[in-house]
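Working notes, beginning with the structure itself.
The values are calculated or read from the model by the stated rules, or taken from the named source; none is laboratory data. Bear in mind that the values here come from a model prediction, so they are computed numbers and not experimental data. As a convention, Cβ positions derive from the backbone with ideal geometry for all residues, glycine included, and neighbour counts pool all protein chains shown. Surface accessibility is based on the protein's heavy atoms, side chains included, excluding ligands, DNA and RNA. Shrake-Rupley method; radii C 1.70, N 1.55, O 1.52, S 1.80 Å.
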Protein chains: 2
Amino acid sequence: MATKRAQKMEETRAKLIRAAREAFASKGYAAASMDELTAEAGLTRGALYHNFGGKQGLMQAVVDQIDQEMVERMLVAQARAASRWEGLLEEGVAYIEMALEPEVQRIMLLDGPAVLGDPSQWPNQNACLLRTTQTIQALIDEGTVKPVDAEAAARLINGAALNAALWIAAADEPHAVLPKAVEAFRQLATGLLQTEG
Amino acid sequence: MATKRAQKMEETRAKLIRAAREAFASKGYAAASMDELTAEAGLTRGALYHNFGGKQGLMQAVVDQIDQEMVERMLVAQARAASRWEGLLEEGVAYIEMALEPEVQRIMLLDGPAVLGDPSQWPNQNACLLRTTQTIQALIDEGTVKPVDAEAAARLINGAALNAALWIAAADEPHAVLPKAVEAFRQLATGLLQTEG
DNA sequence: TCAATACACATACGCTGCGTATGCGAAATT
DNA sequence: AATTTCGCATACGCAGCGTATGTGTATTGA
């Protein structure tokens, strides 16, 4: 069996990550105090340094966890779609919608890149991006999409969705501009479609 | 005439901004020490707080300056193009190329949003984005582009270009993937074109 | 031109917050 | 049961930011 120590440690890690998500999301990475954060979790900075090596390591763990959750939601969105092409679009829309959540916005879109560097270089391999790349490659293979570089297209699509999300989130009435963003996104994406000869 | 004091003050501001650009670009915002930075400019933190109110204010000034330079380069790129539509594409390509510069990448794309919040909310109004929006609106008016929301389209286009740039900059051989990104960008953009009926 | 004032910037201080070194107690090993 | 391991708390030192205060030079008014 897993030792009691290992169990306890996992619990500690979970508590710290939970508190960190809350703190990073509400105050931002820079303004979040490790002392406060750990106290919130009923621990001290000692636990933090032992488990994550430091503030940045904790951020890394938080980002990985959220990234994981986002991938899962993208999978669900894609699975719901009628065709693979619609699946790609649904993935993008799901991405946009997720970025409406302050937590995702602040941690993944604003602070994450500044603290950990370009997302595509994250250890997690940026699962979201990888998924999109695979989907596009499949669409190219089946002739639905023009033979462009799949990774390039994936990054552009994701980037477009990302900025759409930031725009929406910063808008006075997010839910009013969301449809406009989604519509523009769908239109833009058609540029990748194979022009039937 | 402008008083000597005002002249001197402008000079001081310029020196601080120059030193800040260098420091922020090379070390990143968080790791840049105000003491070192100001000493580099032959000044102290006193001057900084008097002129910019703090570290964040200095960042703001730096961002504004770079943003201004980017707009100018985008204007040049657009002016070179044969048509307005090609002008939009050239703007995007110029944007991608600019983001190859470490200074732009680090300050504008990574740290900027984390420190100052979403770019579209910057006081400068994000001149780059405003330009793109206007261009797209003109293209819609002349019937070249589908009647989508101009601002939404602009954000998507800019976002796509931005991420393409980040991808390129992080690549092993940036200049090898640049053409792939540009090609994908041009293809994607065609999605906005009016489908001739 | 000379006093008085304003003001740009330097100096000095305190506080917060990170990272590290050390200590302790409970689980694990023998 | 004795010993070792190790997860976490405690204690310390230091860097860096923001503010309050000082100082010298440019500006104003007569």
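For the stretch A:64-86, enumerate the residues that are of a type in the set (D, E, K, R) and in contact (Cβ under 8 Å) with a residue 24 or more places away in the chain.
Pass one, the stretch A:64-86, residues of a type in the set (D, E, K, R): A:64, A:67, A:69, A:72-73, A:80, A:84, A:86.
Answer for the stretch A:64-86, where residues must be of a type in the set (D, E, K, R) and in contact (Cβ under 8 Å) with a residue 24 or more places away in the chain: A:64, A:67, A:73, A:84.
Go through the stretch A:71-91 and count every residue that is open to solvent by 10 Å² or more (accessible area, probe 1.4 Å) and either away from chain B (no Cβ under 14 Å) or at pLDDT below 95 (or both).
14
For the stretch A:20-50, give me each residue that is away from every other protein chain (no Cβ under 14 Å) and either away from DNA strand C (no atom under 13 Å from the Cβ) or not in a helix (DSSP H, G or I) (or both).
Once the filter is applied, which keeps residues that are away from every other protein chain (no Cβ under 14 Å) and either away from DNA strand C (no atom under 13 Å from the Cβ) or not in a helix (DSSP H, G or I) (or both), the stretch A:20-50 yields A:21, A:22, A:26, A:33, A:41, A:42, A:43, A:44.
Among what's in the stretch A:138-156 and is open to solvent by 10 Å² or more (accessible area, probe 1.4 Å) and among the β-branched types (Val, Ile, Thr), pick the residue that is farthest from residue B:168 (Cα to Cα).
Taking the candidates together, the pick is A:144.
How many residues does the stretch A:182-197 hold that are at the interface with chain B (Cβ under 7 Å from one of its Cβ atoms) and at pLDDT below 95? Walk me through it before giving the result.
Restricting attention to the stretch A:182-197, the residues satisfying the condition of being at the interface with chain B (Cβ under 7 Å from one of its Cβ atoms) are A:183-185, A:187-192.
Among the residues that remain, those that are also at pLDDT below 95 are: none.
The number of residues fulfilling the criteria is 0.
Looking only at the stretch A:51-70, filter to residues that are open to solvent by 40 Å² or more (accessible area, probe 1.4 Å) and within 14 Å of chain B (Cβ to nearest Cβ); which one of those is nearest to DNA strand C (Cβ to nearest atom)? Outline the logic, then answer.
Step one: filter the stretch A:51-70 for residues open to solvent by 40 Å² or more (accessible area, probe 1.4 Å), giving A:53, A:55-56, A:60, A:64-65, A:68-69.
Filter once more, keeping what is within 14 Å of chain B (Cβ to nearest Cβ): A:55-56.
On the way: A:55: 4, A:56: 6 Å.
If we take residues in the stretch A:51-70 being open to solvent by 40 Å² or more (accessible area, probe 1.4 Å) and within 14 Å of chain B (Cβ to nearest Cβ), then A:55 is nearest to DNA strand C (Cβ to nearest atom).
For every residue, the table says whether it meets (1) within 25 Å of residue A:161 (Cβ to Cβ); (2) assigned by TED's automatic domain parsing to the domain that holds residue A:109; (3) within 12 Å of DNA strand D (Cβ to nearest atom).
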position: A:5; (1), (2), (3): no, no, yes
position: A:28; (1), (2), (3): yes, no, no
position: A:37; (1), (2), (3): no, no, yes
position: A:75; (1), (2), (3): yes, yes, no
position: A:83; (1), (2), (3): yes, yes, no
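Among the numbered criteria (1) open to solvent by less than 50 Å² (accessible area, probe 1.4 Å); (2) small (Gly, Ala, Ser); (3) over 16 Å from the mean Cα position of the chain (by Cα); (4) more than 16 Å from DNA strand D (Cβ to nearest atom), which one does residue B:41 miss?
Here residue B:41 clears every test but (4).
When you go through B:176, B:171 one by one, which is the residue that is among the small types (Gly, Ala, Ser), free of Cβ contacts under 8 Å to residues at least 40 places away in the same chain, over 23 Å from residue A:193 (Cβ atoms) and open to solvent by 30 Å² or more (accessible area, probe 1.4 Å)? Give the derivation first.
Values: B:171 fails: open to solvent by 30 Å² or more (accessible area, probe 1.4 Å).
After ruling out the rest, the residue left standing is B:176.
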